[in-house]
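Student: First the structure, which I've put down as C-alpha cells, then a few questions once you've had a look.
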C-alpha cells in the first residue's frame, strides 16, 4: 500500500467523521424537501453512528473501496489493496494506522490542517452553497443534482454532487462527486455503530510493532 493511498484514505476518513451530521432528507416532491427529510434520518447517526462504503477512483492508482464506520468523533476505515490490509482509527485528534505489509501500527496526531471543519460544513447542510434539482424519479429512489451556487466561492467545494435517495429508508443510496481529480462515491450508508467497532484494541494486534510518532509536549 503506497503512502499516497494512505494519505488520501486518511483525508477521506476525516471527511467521513462529518457524515453523521450529513444533511439530506426525503419527503415531499421538491428536491429541497427531499434533502431536508433525509437530513433528519442521517442526524440519527450523531448518537447511533454511521456506516458506509467509500469508492475512490484515483488517477494512476486505480479504484479502491474502503469500509468506514463512525460514531461521534471516533471512526475506523478498513481497506484491502492487492492483498495488503490497512486500517485507520481516529479518535478526536489521534490516529492509529495499521499496515499488514510493515506489520506496524503508527500512532500520530491528526494535524490541524486535516481537520473536518470544511468537509463538515459541506455535509452539514448539502443545500448550503448548492442549488438542488430533481433530475429523475423511480419507484424506489429520487436522483438529485446538487450544483454549486454562483455565490459559493469555496475552492474546496466540488462543482457538483450526484445524490440518490431511497424512498423506503430516506437514507442516501449514493453520493458521487469529484474532488481534486479523485472521483469519490459514498454508498451503502446505514445508521447504527457500536463503540467497540470504532475503537483500537491493542490486544487484537499482539506481535504488531507499535510506533508512537506523537510529540510529547514538555
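The values are calculated or read from the model by the stated rules, or taken from the named source; none is laboratory data. Please read all numbers here as calculations on a predicted model, not as lab measurements. Note that each Cβ is placed from the backbone with ideal geometry, even for glycine, and that neighbours are counted across all protein chains shown.
Student: Can you tell me which residues in region 82-101 are touching a strand residue (DSSP E or B) at 6+ places or on another chain (Cβ under 7 Å) and either surrounded by 19 or more Cβ atoms within 10 Å (Cβ to Cβ) or free of Cβ contacts under 8 Å to residues at least 12 places away in the same chain (or both)?
Tutor: 86, 87, 88, 89, 90, 95, 96, 97, 98
Student: So is residue 80 under 18 Å from the mean Cα position of the chain (by Cα) and either assigned to a strand (DSSP E or B) or under 30 Å from residue 102 (Cα atoms) (or both) or not? Walk me through it before giving the result.
Tutor: Values: under 18 Å from the mean Cα position of the chain (by Cα): yes; either assigned to a strand (DSSP E or B) or under 30 Å from residue 102 (Cα atoms) (or both): yes.
Spelling it out, residue 80 is indeed under 18 Å from the mean Cα position of the chain (by Cα) and either assigned to a strand (DSSP E or B) or under 30 Å from residue 102 (Cα atoms) (or both).
Student: Within region 168-200, take every residue that is surrounded by 17 or more Cβ atoms within 10 Å (Cβ to Cβ) and in contact with a helix residue (DSSP H, G or I) (Cβ under 8 Å, 6 or more places away or on another chain) and give me the one that is farthest from residue 58 (Cα to Cα).
Tutor: Ranking the qualifying residues of region 168-200, first place goes to 170.
Student: Can you tell which of 151, 139 is modelled with pLDDT of 90 or more, part of a loop (DSSP other than H, G, I, E, B) and either touching a helix residue (DSSP H, G or I) at 6+ places or on another chain (Cβ under 6 Å) or more than 25 Å from residue 50 (Cα to Cα) (or both)?
Tutor: Numbers: 151 fails: modelled with pLDDT of 90 or more.
After applying the criteria, what remains is 139.
Student: Given (1) in a strand (DSSP E or B); (2) modelled with pLDDT of 90 or more, where does residue 196 come up short, assuming only one miss?
Tutor: Of the numbered conditions (1) in a strand (DSSP E or B); (2) modelled with pLDDT of 90 or more, the odd one out for residue 196 is (1).
Student: Looking only at region 51-75, count every residue that is under 24 Å from residue 180 (Cβ atoms) and surrounded by 14 or more Cβ atoms within 10 Å (Cβ to Cβ) and tell me the total. Walk me through how you get there before you give the answer.
Tutor: So in region 51-75, the residues under 24 Å from residue 180 (Cβ atoms) come out as 52-68, 70, 75.
Of the ones still in play, those that are also surrounded by 14 or more Cβ atoms within 10 Å (Cβ to Cβ) are 52-58, 61, 64-68, 70, 75.
Selection size over region 51-75: 15.
Student: At least 1 residues that are over 16 Å from residue 91 (Cα atoms), modelled with pLDDT of 70 or more and touching a strand residue (DSSP E or B) at 6+ places or on another chain (Cβ under 9 Å) in each: list the helices (runs of 4 or more DSSP H) lying fully within region 1-75 that qualify. Before the answer, list the steps.
Tutor: Numbers: elements: 3-16, 31-42, 45-48.
Ranges flagged: 31-42, 45-48.
Student: Does residue 44 satisfy being within 29 Å of residue 145 (Cβ to Cβ) and surrounded by 15 or more Cβ atoms within 10 Å (Cβ to Cβ)?
Tutor: Working: within 29 Å of residue 145 (Cβ to Cβ): yes; surrounded by 15 or more Cβ atoms within 10 Å (Cβ to Cβ): no.
Considered against the rule, which asks whether it is within 29 Å of residue 145 (Cβ to Cβ) and surrounded by 15 or more Cβ atoms within 10 Å (Cβ to Cβ), residue 44 comes out as no.
Student: Regarding region 103-111, can at least one residue be identified that is within 22 Å of residue 44 (Cα to Cα), modelled with pLDDT under 85 and surrounded by 15 or more Cβ atoms within 10 Å (Cβ to Cβ)? Let's see the steps before the verdict.
Tutor: Initial filter on region 103-111 (within 22 Å of residue 44 (Cα to Cα)): none.
Scanning region 103-111, I find no residue that is within 22 Å of residue 44 (Cα to Cα), modelled with pLDDT under 85 and surrounded by 15 or more Cβ atoms within 10 Å (Cβ to Cβ), so the answer is no.
Student: Test residue 203 against the stated conditions and say whether it is touching a residue at least 24 places away in the same chain (Cβ under 8 Å) and out of contact with any helix residue (DSSP H, G or I) (no Cβ under 7 Å at 6 or more places or on another chain). Even if it seems obvious, please write down each step before you answer.
Tutor: Working: touching a residue at least 24 places away in the same chain (Cβ under 8 Å): no; out of contact with any helix residue (DSSP H, G or I) (no Cβ under 7 Å at 6 or more places or on another chain): yes.
Here the answer is no, as residue 203 does not meet what is asked.
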